[in-house]
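Here the structure comes first, spelled out in structure tokens, and everything after it is commentary.
Just so you know, all these numbers are worked out from the coordinates, no wet-lab data involved. Nothing here was measured: the structure is a model prediction, and the numbers come from that model. With ideal geometry, Cβ positions are generated from the backbone for all residues, glycine too; neighbour counts draw on all protein chains shown.
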Amino acid sequence: MAMALRAASRVLLRAGSRLGRREAVDGARRFANKRVLVETEGAAGATRIAVMKFRNPPVNSLSLDFLTEFVISLEKLENDKSIRGVILTSDSLKRGNQTKVAATEKTEEKRATRDHGGRLQERPGIFSAGLDLLEMYGRNPAHYAEYWKAVQELWLRLYLSSLTLMSAINGASPAGGCLLAITCDYRIMADNPKYTIGLNESLLGIVAPFWLKDNYVNTIGHRAAERALQLGTLFPPAEALKVGVVDEVVPEDQVHSKTLSVMAKWLAIPDHSRQLTKTMMRKATADNLIKQREADIQNFASFISRDSIQKSLHMYLEKLKHKKG
Ligand SMILES: CCCCC/C=C\C/C=C\CC/C=C/CC(=O)SCCNC(=O)CCNC(=O)[C@H](O)C(C)(C)COP(=O)(O)OP(=O)(O)OC[C@H]1O[C@@H](n2cnc3c(N)ncnc32)[C@H](O)[C@@H]1OP(=O)(O)O
């Protein structure tokens, strides 16, 4: 498996050097490609933690490019021995240098946040909208296979990461957004009832893959997962806490500071014993996918290519396009 991961990562690194653009380098303290910004906190030479901020406007969907850049950034952090903890979050806070586009029409209202150069900015309040629907709709089977391999890779890398991973959930987190969160060791969500989290695949007419279902079962238990998966439940923060999708709910302006303080507690545990424990808890679930990755890719490609499934996705996309802002 290690060999397979290393080979896949070489492919991703090659792809990354083609499409990844290092925008900012400040020693080892900050690096970025186009869609993921990584900032490290802590003194040089001491244990540091990294914050991976998603910035794939408008909704941080997990496009193929995003997945590639994410895995490259994570691998860099895994290889940096001074980093022991990583926080996943969205870079979706409004920045100063922005202006509101006149919001007289619904479409303008929906994408009202642009910077002065007219570039689309991330919208606040979205952790990640999940898998990119446009990667799964209207493409060919070879594309679906490539995309699914990248989705699997992301999940395996996160689920088996030796780092302490935490998610600071500062916005909506449906489906693949929830995937990012539940691979982490700890989840803290902003207390805003507009934000929801869960696996809503069934509402789109699709089905969560078995390994994500297993991850969900491991997180919230079999009965709760069975019900939530069938209904496609998106939980607001208080309910997410009750069912165990998240571990803590805190006021929105405290999500980052709280995550840092919980991280400090986790980092007080010796790495080797924590890592061995994590592996003991997760290996069987991950192995289930590793032993049938290729079959899972073929299943996905043929499932998503079905006319009925493409029709469901089309209807869902139309619904998103025409929903009231
Ligand atoms: C039995 C055999 C089984 C075999 C099974 C094998 C494999 C498994 C098969 C399939 C599994 C596939 C797994 C999929 C998991 C997923 O992640 S699917 C994606 C789920 N995501 C969602 O449902 C979220 C949809 N989006 C929203 O709810 C909202 O957009 C939002 C995130 C809450 C934000 O709302 P807001 O009002 O701020 O923004 P808009 O809705 O106006 O959106 C802006 C813009 O962005 C587009 N968009 C939104 N989400 C996505 C997305 N996920 N992908 C791509 N594009 C997205 C939206 O359409 C708008 O576009 P515009 O109209 O052009 O402006």
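Do any trypsin sites (Lys or Arg not before Pro) in segment 197-299 lie in a loop, going by DSSP, with at most 11 other beta-carbon atoms within 10 Å of their beta carbon, and if so which?
291
For a Förster distance of 35 Å, can you work out the FRET efficiency between the beta-carbons of residue 323 and residue 46, rounded to the nearest 0.05?
0.15
Just grab the label-to-label distance for residue 218 and residue 275, each label 7 Å out from Cα along the Cβ direction, in nm (one decimal).
In this crude label model, residue 218 to residue 275 measures out at 1.7 nm.
How many lysine pairs are close in segment 149-287, with Cα atoms under 20 Å apart and the two 8 or more places apart or on different chains? Intermediate values should be presented prior to the final figure.
On the way: 149/213; 149/283; 194/242; 213/242; 213/278; 213/283; 242/258; 265/278.
Close lysine pairs under the 20 Å cut-off: 8.
From the phi of every residue in segment 300-316, what ³J(HN,Hα) in whole Hz does the Karplus formula 6.51 cos²θ - 1.76 cosθ + 1.60 yield, where θ is phi - 60° and glycine or proline is x?
Karplus values, whole Hz, x for Gly and Pro: 4, 4, 6, 5, 6, 7, 4, 4, 5, 6, 4, 5, 4, 5, 4, 4, 5.
Which value in nm describes the separation of the simple spin-label points at residue 207 and residue 287, placed 7 Å from the Cα toward the beta carbon?
The two pseudo-label positions are separated by 2.5 nm.
Need one word for segment 156-222: rounded, prolate or oblate. Basis is the Cα gyration tensor (sqrt eigenvalues a ≥ b ≥ c); a/c below 1.5 gives rounded, then a/b vs b/c decides.
oblate
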